[in-house]
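Below: the structure, in structure tokens.
The values are calculated or read from the model by the stated rules, or taken from the named source; none is laboratory data. Fair warning: this is a prediction, and the values are worked out from it, not measured in the lab. Neighbour counts run over all protein chains shown; Cβ positions are idealised from the backbone, glycine included. Note: accessible area is taken over every heavy atom of the protein model, side chains too, but ligands, DNA and RNA are not part of it. Shrake-Rupley method; radii C 1.70, N 1.55, O 1.52, S 1.80 Å.
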There are 2 protein chains.
Amino acid sequence: MIDQRLKTLRIFANCGTVAATAELTGYSPSAVSAQLRELQRSLGMQLLSKEGRGVRLTAAGRQLVRGADTLVADWELLRASAFNADDQVPGHLGMGGFSTAAAHLLAPLAQHLRVERPAVEVELVEAHPEHCLNLLVAERIDLAVIVSTQAGLRSDDDSKFEQVTLLNDPLDVIVPKDHPLAGRSHLHLEELAGEQWITDAEGSVYRALFTAAFAAIGQMPRIAHQAKEWETMSAFVGAGLGVGLLPRLAVLNGLEGVSRVRLAGANHPTRRIVAAVRRGSMEAPLIRESLEFLQEEAARILRVRLAEGG
Amino acid sequence: MIDQRLKTLRIFANCGTVAATAELTGYSPSAVSAQLRELQRSLGMQLLSKEGRGVRLTAAGRQLVRGADTLVADWELLRASAFNADDQVPGHLGMGGFSTAAAHLLAPLAQHLRVERPAVEVELVEAHPEHCLNLLVAERIDLAVIVSTQAGLRSDDDSKFEQVTLLNDPLDVIVPKDHPLAGRSHLHLEELAGEQWITDAEGSVYRALFTAAFAAIGQMPRIAHQAKEWETMSAFVGAGLGVGLLPRLAVLNGLEGVSRVRLAGANHPTRRIVAAVRRGSMEAPLIRESLEFLQEEAARILRVRLAEGG
DNA sequence: TGGATTCGTGCACAATATCTGCATGATCGA
DNA sequence: TCGATCATGCAGATATTGTGCACGAATCCA
């Protein structure tokens, strides 16, 4: 309902470049450029100025973007209240999540909605947590299941999103089968401080999680190799290249050659899995219902996992 | 910046019919109809239902319209703050007012702006007070000078507009030249309670003003004839058909046959002339500047009138 | 330093959305 | 029952908006 051009400006403010905005929104770069030009013309304001080979926001542009968060949240709230007023639901619901979430949480939700709300056309997208938030802003999806870093979201995201914690997924250690610690039922992270570690590249959510886990015990582990996928990491570990951290919920196809050991300790590392929606939309019946289902499903999963192995 | 379809819905909520909405917005009726249909489709909500030969809002529609006021005000505020952030002004400014206001207040303002802000394209519209407010909502104009009834605006208009009082225009009495009271310098409204009165039709702003003036002294005067224009009323009075109330600022071409007498008394009747803008837009530099000019101009006019005849 | 890359923008053309004018059916008032 | 008013749908015209490509500018890398 907010003008498309203003939405584009917001996304541009997040990305910083026209090209990235185009990719995120699905427009071509020239369309984004034209939209921003047209926005400035119709408002009679200069919003962008050249900066090197790119463009950056002027004071007026920044002011506009800052206030736009409130505007969008107000609209979401209004839309939600209108749905409530007649107990109607929208015809489409887009949901995004990272791999594990997509498999364990969103798939059951989609199945549930297909039964309970057959009129709603559900669309699933698998994407990395950071990308999910961008898709949320761009309104490509309406609900995202992401890994929250300990620090939480970026500060300015508080005005864009609302979150619900779904579950705290504990991190296990995977070590080669012939590792001295492989037989243990539990161990402490401190015991592994001297190991060679395998984790994701700098800047990723998993790396941030990894760093935070060791920061909590005052250690700075040695990172020997990088892997993006759990399967890859598992293979590396199996080859004796090092050890790694693996979320409890991540199930591996083949565990040959590796051994999963639980971490003990007062505050053993976990990854917090949260559902995020655009601020204001949480009041919408369909969103509320979906979030409740996700919380129940998360609780169910936790119960199953506890039963599986204490 | 708010979607055109939602704006149309708001205006429809004011008018009640598609046809009136079309007239006010400048669209054709089928365009309005199509916009509302499209709005419902894109929101996945039913907003209208058939009612006789017209349509009326559903609960969801009413909820949407109610909240839209806040949304629009937030946008106006945001736009104004963005203008302030770079000290820029829009390229166009529409202003509306009823006849006297258009002549005495808006014309000097337009002249002032042509000198001070040559880049701004100024547009003047003469329209009745009620219509001015509709034009304000429809964004055909950005500033309106209207007569405020004692009761103020309608209650739900408070969320749509902000007002500034420009001046209190006292009401004089015009009587036939040969009337017993014609020579008096001042007189009290009570002395005229038994006269035959000439005023505008039921439902008009002037009629409301008239009624309020007599209600204040607990009288219900006898209305003998109706006239829309001051000139018409003056002619009626000159023909001996009755007496009438005439605002001080209303200057008549010919005053032959009639005599203007001032009203005395603690709270002699006045019409309050106010400037109204869309809520939120008062922070915009150009609007603020215009309002200040209008207040000064109003004060100047009052001084001149006071000098003319104490 | 020079070539490759990335970025934003403009233009011609295509696709889409939107408006108008008219015809139609429904409803209301006289 | 007739005329007026109202909303809506459709066909065609119009305006808006998007795409693909080319270009110039700025940056990066070797």
- Is it true that residue B:162 is out of contact with any Asp or Glu (no Cβ under 9 Å at 6 or more places or on another chain) and under 27 Å from residue B:297 (Cα atoms)? yes
- Within region B:260-284, considering residues that are open to solvent by 20 Å² or more (accessible area, probe 1.4 Å) and at pLDDT 90 or above, the one nearest to residue B:189 (Cα to Cα): B:262
- Item | Within region A:9-20, tally of residues that are open to solvent by 40 Å² or more (accessible area, probe 1.4 Å) and within 13 Å of DNA strand D (Cβ to nearest atom) | 2
- Message: Against the condition within 14 Å of chain B (Cβ to nearest Cβ) and more than 8 Å from DNA strand C (Cβ to nearest atom), how does residue A:23 come out, does it pass?
- Response: no
- Item | Unmet requirement for residue B:44, which otherwise passes all of (1) touching a Gly at 6+ places or on another chain (Cβ under 7 Å); (2) near DNA strand D (Cβ under 10 Å from one of its atoms) | (2)
- Note on the structure: Exactly one of A:52, A:44 is within 14 Å of chain B (Cβ to nearest Cβ) and more than 26 Å from the chain's Cα centre (by Cα), and that one is A:44
- Counting only residues that are within 19 Å of residue B:83 (Cα to Cα) and not in a helix (DSSP H, G or I), region A:3-41 contains a total of 1
- Message: I need the helices (runs of 4 or more DSSP H) fully contained in region A:42-148, keeping only those with at least 2 residues that are touching a residue at least 40 places away in the same chain (Cβ under 8 Å) and within 16 Å of DNA strand C (Cβ to nearest atom).
- Response: A:59-86
- Message: I'd like to know if region B:21-34 contains one or more residues that are more than 8 Å from DNA strand D (Cβ to nearest atom) and closer than 29 Å to residue A:69 by Cβ.
- Response: no
- Query: Residues B:77, B:6, B:36, B:71: which one is open to solvent by 60 Å² or more (accessible area, probe 1.4 Å) and either at pLDDT below 95 or in contact with a helix residue (DSSP H, G or I) (Cβ under 7 Å, 6 or more places away or on another chain) (or both)?
  - Reply: B:77
- Determine which single condition residue B:12 fails, assuming it passes every other condition in (1) touching a helix residue (DSSP H, G or I) at 6+ places or on another chain (Cβ under 7 Å); (2) at pLDDT below 95. (2)
- Message: Filter region A:222-248 down to the residues that are more than 21 Å from the chain's Cα centre (by Cα) and of a type in the set (A, V, I, L, M, F, W, C) and list them by number.
- Response: A:223, A:224, A:235, A:236, A:237, A:239, A:241, A:243
- Task: Quickly run through region B:1-20 and pick out the residues that are away from chain A (no Cβ under 14 Å) and hydroxyl-bearing (Ser, Thr, Tyr).
- Result: B:17
- Query: Of all the residues that make up region A:87-122, how many are open to solvent by 30 Å² or more (accessible area, probe 1.4 Å) and within 14 Å of chain B (Cβ to nearest Cβ)?
  - Reply: 9
